[in-house]
Amino acid sequence: MNKPGIDWHARAIQVAFLAGVIALWYLVGATGKINTVFLPELPRVIEKFGQIVQTSRLYENLRVTLTELVAAFAIASTLGLTVGYFVGRSRYAALVFEPLLAGLFAIPLIVFLPLFILFFGIGMESKIAFGASYAFFPIALNTIGGISQVDPRFVTVARSMGANDAQLFRRVLLPAALPVIVTGLRMGCIIAFLSILGSEMIAGLRGLGSRVAALAEGMNTAEMFAYIVFVILLAALLNTMLTKMQRRFSEAGQAP
Amino acid sequence: MTDATLKAATDAGTPSWREMLAKSPGKARLLVVIATFIVWEIAGHTVLDPHFLSPPSAIVGALPRILSDLGVQKALWASFYELIIAFAIAIVAGVAIGLAVGLHRFTFRSSLPLILLLYSIPQVTILPLFVLYFGIGAGSKIAFGVSHGIFPIMLNVIAGVQSVDDAHLTAARAMGATRMQIIRRVVLPHMTPSLFAGLRLAMSGTLLGVLLAELYVSQGGIGYYSRVFADSFDPPATFALVTCLAVMAILLNESVRRAERRASFWRTHQR
């Protein structure tokens, strides 16, 4: 991941593997030996996929999930960057608060999900709150890490040349800490996405996660597979976008 | 740096306190935790709605109540059992696959892309499939826990094996070590730090997987009870349950740390 450029060898293996899985899926389905509830036939799933991308239901659910993700990420990054900046700027505060945040992050927040639902209702608010509280930690922790690892000599040099707080932040702290912070933002975004999907699945009325759960309950496996494929493609797209963004920022940060 | 030190110290009061806190961030941290609990306790009795965030004293009070409940006892054991089994499977399978992939150039080049591909799948989305294939009992929770825990172990073992110095391998081979001896005497000791970093990540991953699956569908387990308590407007019980869970996680984490210290004793001898 830290090497720029694409590893064609790895890509070829991944494509070949996927092709193999799809072929196997098709062949197993064609023999008719496996119950279609457990593994629907591939052509049926493709057909369903073609159908669902034409329904407004998919886009309505997609809109709900993406809105939740954007809101959760906005809240988490605002809070995470602010807390991270103020804690990371002082070595002492970093020593006091960093282990506390790391310890809290180690508690599986997922057990509190029923309380979130109780507090914020079964709609979008509970998913936003849950996603934001999960995503807050990697963002805050990486911001602390990024800012506190800036070489103190840079700060001293900038100060001795008469930089004020704003200049110090813009010209020294931000560029030096940016790669680590961006990694945190990327992790936060993915964690927010996963926890939103998970909370929708456990208790939700709308959104991609609750749609998958509803189809699973109805034993409508072919359509469920189609939805799962859609979500996996969405996640891959999100991941690619985040990787591109991260690469741009880390290059900008390391540029001499 | 200094102004924050001073500020933190002035919060504490007298000059002797100030010095003590400035010297040991650990004590300041403890103070922050205690202050949080005090504020929480006071807020719990005044502004907060007791239906949602109960004060710490109520949570401590709820502990004996839920622990004496037979159903909860069973649930704690069930979750603990699922967690341990899933963690054990993840360790055995993860280390075996990691070694197999990491030790040979061919398997490394051909399998690592596949592992990364599988790792990039958002696992929550396929949770219904786990339930479909493994049933609503302990099986699906264990399987989902394994699928969360195995990746950090595999990837860290692979990274650890890759970091073994070629000179050490050549030397061992030159002295006539067999393949098993090389693995036992050179590779395994070398990758302990990386392996244990993976184990700790896998620990929280497995816990997350088990709890997610329990919350999704189950007839027992901590996830199930946290839902029951929330549905019956009993937040002190939920928090008490989370306290038990935290103790469980800390115990497991601590045993991993102990094992790490034991496994890496030779490092301290060396340096």
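The values are calculated or read from the model by the stated rules, or taken from the named source; none is laboratory data. Keep in mind that what you see is a predicted model, and the values were worked out from it rather than measured. Ideal geometry is used to build each Cβ from the backbone, glycine not excepted, and the neighbour counts take in all protein chains shown. Just so you know, the surface numbers come from the protein's heavy atoms only, side chains and all, with ligands and any DNA or RNA stripped out. Shrake-Rupley method; radii C 1.70, N 1.55, O 1.52, S 1.80 Å.
Worth a mention:
- With Cα atoms as the point set, the radius of gyration and Dmax of chain B evaluate to 23.8, 74 Å.
- Residues whose placed amide H lies under 5 Å from that of B:ILE136, excluding near-sequence neighbours: none
- Pairs of Cα atoms farther than 13 Å apart, the range B:59-98, %: 63
- The alpha carbon centroids of the range A:179-245 and the range A:16-85 are separated by 7 Å.
- Between 0 and 90°, nearest 10: helix A:56-89 axis offset from chain A longest Cα axis: 20
- Mean sequence separation of contacting Cα pairs (under 8 Å, at least six apart), scaled by the length of chain B, corresponds to a relative contact order of 24 percent.
- 3J(HN,Hα) from dihedral phi, the range A:162-167, Karplus parametrisation 6.51/-1.76/1.60, rounded to Hz, x for glycine, proline: x, 6, 8, 4, 5, 5
- Peptide B:110-117 has a mean shielding of 5, counted as Cβ atoms of other protein chains within 10 Å of each residue's Cβ.
- Across the range A:197-245, Cα-Cα pairs more than 12 Å apart make up 63 percent of the total.
- For chain A, size of Cβ-based charge dipole, Lys and Arg +1, Asp and Glu -1, in debye: 620
- Ordering of A:7-13, B:99-105 by packing is B:99-105, A:7-13, highest average first (other Cβ atoms within 10 Å, averaged per residue).
- Across chain A, C-alpha contacts under 8 Å between residues 6 or more apart give a mean separation that, scaled by the residue count, equals a relative contact order of 25 percent.
- The per residue volume of the convex hull around the alpha-carbon atoms of the range A:1-112 is 230 Å³.
- Using a probe of 1.4 angstrom and keeping all protein chains present, the accessible surface of the protein assembly as shown works out to 52 square angstrom per residue.
- Note on chain A: with neighbouring protein chains present and a 1.4 Å probe, carbon and sulfur make up 68 percent of its accessible heavy-atom surface.
- Panel note: the C-alpha atoms of the range B:122-271, placed on their principal axes, show extents of 68, 34, 21 Å (largest first).
- Coupling constants for the range B:125-134 follow from the phi torsions by the Karplus curve (6.51 cos²θ - 1.76 cosθ + 1.60, θ = phi - 60°), and in residue order they are 4, 9, 3, x, 5, 4, 5, 4, 8, 10 Hz; glycine and proline get x.
- GNM flexibility winner over chain B from B:ILE84, B:ILE97, B:ILE34 (Cα, springs under 10 Å): B:ILE34
- Take the accessible area of B alone and of A alone, subtract that of the pair with a 1.4 Å probe, and the total buried over both chains is about 4100 Å².
- If you run the Gaussian network model on chain A, springs between alpha carbon atoms under 10 Å, then out of A:ALA176, A:ALA19, A:ALA226 the most flexible one is A:ALA19.
- Contact order normalised by residue count of the range A:108-256, Cα under 8 Å, 6+ apart, percent: 27
- The mean count of C-beta atoms from other chains within 10 Å of the C-beta of residues in A:89-99, rounded to a whole number, is 6.
- Mean partner shielding of peptide A:109-122, defined as the number of other chain Cβ atoms within 10 Å of each residue Cβ, is 6.
- Dipole axis of the range A:31-187 (+1 Lys, Arg; -1 Asp, Glu on Cβ), positive-most option in A:VAL87, A:TYR59, A:ALA76: A:VAL87
- Accessible surface ranking that places the most exposed of B:LYS141, A:LYS48, B:LYS27, A:LYS244 first, with a 1.4 angstrom probe: A:LYS244, B:LYS27, A:LYS48, B:LYS141
- Restricting the calculation to alpha carbons of the protein assembly as shown gives Rg and Dmax of 25.1, 81 angstrom.
- Residue by residue, the range A:212-223 carries 3J(HN,Hα) couplings of 4, 5, 5, 5, 5, 5, x, 6, 8, 5, 4, 5 Hz when phi is fed to the Karplus relation 6.51 cos²θ - 1.76 cosθ + 1.60 (θ = phi - 60°); x denotes Gly or Pro.
- List B:MET180, B:MET20, ordered by accessible area with a 1.4 Å probe, largest first: B:MET180, B:MET20
- In Å², nearest 10: area of B:LEU208 left accessible to a 1.4 Å probe: 50
- Accessible-area order (highest first, 1.4 angstrom probe) of the listed residues A:LEU141, A:LEU100: A:LEU100, A:LEU141
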